[in-house]
Amino acid sequence: MPQDVRFDIPFTTPVSEHLAYAEDRHLRWVRDMELVRSQEGFDEYVTWDLPQAAIRTYPYASAEDMVVLMNWFSLAFLFDDQFDTGRPESADRIAEVARELVVTTLRPAGSLPRVICPITRAWAQVWEHLSDGMSLPWRTRFSASWGRFLVAHSEEIDVAARGVVLGLDEYTTFRRRTVGIHHSIDAGERSRRFEVPAQAQAHPVMIRLRDAAADTIGFMNDIHSFEREARRGDGHNLITVLQRTHGCSREDATAEAIRRTQDRLTDYLRLESHVPQMCDELRLGNDERARVHMGVDAIRHWISGNYQWALTSGRYTAAKDGPAARAEKRGHGSVDDLLSV
């Protein structure tokens with residue numbers, strides 16, 4: 001039922017025309033970079049349909065840039081799945097790889113990774129393209145967002161390995177970091193070759209707007225991915241946390257999760273209505289205002305695009321069989337080990 005949950009999103013967003021061109025090149029790259037190491041792993045990866053997510057979240061990217069964005073999605077999602085709840089000792093290796101992914105953005109573009117595995121090799125290549133042509137302020141902002149996400153990812157794995165249980169307020173704050181939306185929105189600027197003015201990015205309205213979007217998307221993802229995470233024994237999910245803290249049924253917890261998600265979407269829409277006033281307050285010129293509104297579009301693309309993709313992605317299918325199902329029952333999110341050389 002959770003993957004079938006619908007939300008009332010009162011806006012529509014475009015979809016890129018470059019699916020066929022980019023998907024074929026992307027899937028070859030995934031194999032070449034050994035981000036899948038078995039036929040079973042490749043077959044499972046294809047069912048996730050990440051190219052569909054990319055064309056919905058970055059609809060204005062060029063055909064070549066769309067390939068890069070799809071490639072980025074693959075390494076990020078596959079890295080996210082490397083923790084095995086049955087092997088908590090893998091947390092140290094994941095933290096080592098995460099640190100390498102963070103520092104890659106701080107080195108000169110094209111630098112070779114110092115921690116070697118398919119994930120780090122792939123990210124070094126993607127970052128060289130993703131950062132191309134962007135200003136130092138944008139690269140610094142992206143690096144900070146990316147770094148906070150990866151640190152939170154490592155913390156989440158450490159918490160799971162130690163069996164720590166988070167309360168509802170702790171989880172809500174934590175989820176805002178682990179969902180990884182801030183750097184994903186930053187990449188929306190790269191996909192259209194523009195940058196939101198720094199004074200607008202630093203304004204409280206924009207900060208709260210981005211946080212509301214992160215919460216909305218994170219909660220939607222928790223609902224749509226609930227069955228998959230339950231199979232893995234992953235307790236970092238809003239429905240699971242609500243069940244535990246409220247002592248309620250899965251159905252009641254799901255209903256409460258839906259309500260909280262819709263509330264955050266309402267908060268987002270309210271904050272979005274304040275953007276013109278923010279531009280007036282900052283005395284932005286016409287070009288700066290246009291870039292602010294493109295930045296808001298990038299957030300909308302993520303809210304709507306990620307939602308539409310999650311409804312049909314095989315990643316969140318309620319019932320699975322075969323190697324992927326067996327891996328999930330062992331607590332692993334990925335069929336293939338991508339942390340070794």
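The values are calculated or read from the model by the stated rules, or taken from the named source; none is laboratory data. Being a predicted model, the structure only gives us computed values, none of them experimental. Cβ placement follows ideal geometry from the backbone for every residue including glycine, while neighbour counts extend to all protein chains displayed. These accessible areas exclude ligands, DNA and RNA; they are computed on the full protein's heavy atoms, side chains included. Shrake-Rupley method; radii C 1.70, N 1.55, O 1.52, S 1.80 Å.
A few notes on this one:
- Complete set of residues in the range 305-341 that are modelled with pLDDT of 75 or more, within 27 Å of V97 (Cβ to Cβ) and in a helix (DSSP H, G or I): N306, W309, A310, G314, R315, Y316
- Members of the range 87-126 found to be open to solvent by 10 Å² or more (accessible area, probe 1.4 Å), hydrophobic (A, V, I, L, M, F, W, C), part of a helix (DSSP H, G or I) and closer than 23 Å to R141 by Cα, listed by number: A95, V102, V103, A124
- Residue count for the range 143-158 under the criterion of being under 24 Å from D222 (Cα atoms), crowded, with 18+ Cβ neighbours inside 10 Å and either in contact (Cβ under 8 Å) with a residue 40 or more places away in the chain or in contact with a Cys (Cβ under 6 Å, 6 or more places away or on another chain) (or both): the result is 8.
- Residue within the range 281-304 that is exposed (fewer than 15 other Cβ atoms within 10 Å of the Cβ), out of contact with any strand residue (DSSP E or B) (no Cβ under 9 Å at 6 or more places or on another chain) and not in a helix (DSSP H, G or I) present: yes
- Residue in the range 165-181 that is in contact (Cβ under 8 Å) with a residue 12 or more places away in the chain, open to solvent by less than 20 Å² (accessible area, probe 1.4 Å) and within 21 Å of G295 (Cα to Cα) present: yes
- Scanning the range 198-225 for residues that are within 17 Å of the chain's Cα centre (by Cα), of a type in the set (V, I, T) and surrounded by fewer than 22 Cβ atoms within 10 Å (Cβ to Cβ) yields no hits at all.
- Considering residues of the range 226-245 that are assigned to a helix (DSSP H, G or I) and without any contact (Cβ under 8 Å) to a residue 60 or more places away in the chain only, the residue surrounded by the fewest Cβ atoms within 10 Å (Cβ to Cβ): A230
- Any chance H183 is of a type outside the set (A, V, I, L, M), over 23 Å from D4 (Cα atoms) and touching a helix residue (DSSP H, G or I) at 6+ places or on another chain (Cβ under 7 Å): yes
- Residue in the range 31-50 that is more than 21 Å from the chain's Cα centre (by Cα) and among the hydrophobic types (A, V, I, L, M, F, W, C) present: no
- For the range 161-180, the set of residues classified as of a type in the set (G, A, S), touching a helix residue (DSSP H, G or I) at 6+ places or on another chain (Cβ under 7 Å) and outside any helix (DSSP H, G or I) consists of G167, G180, listed by residue number.
- Filter result (among the acidic types (D, E) and at pLDDT below 95) within the range 218-251: E227, E229, D234
- Scanning the range 130-142 for residues that are of a type outside the set (D, E, K, R), crowded, with 18+ Cβ neighbours inside 10 Å and out of contact with any Lys or Arg (no Cβ under 7 Å at 6 or more places or on another chain) returns W138, F142.
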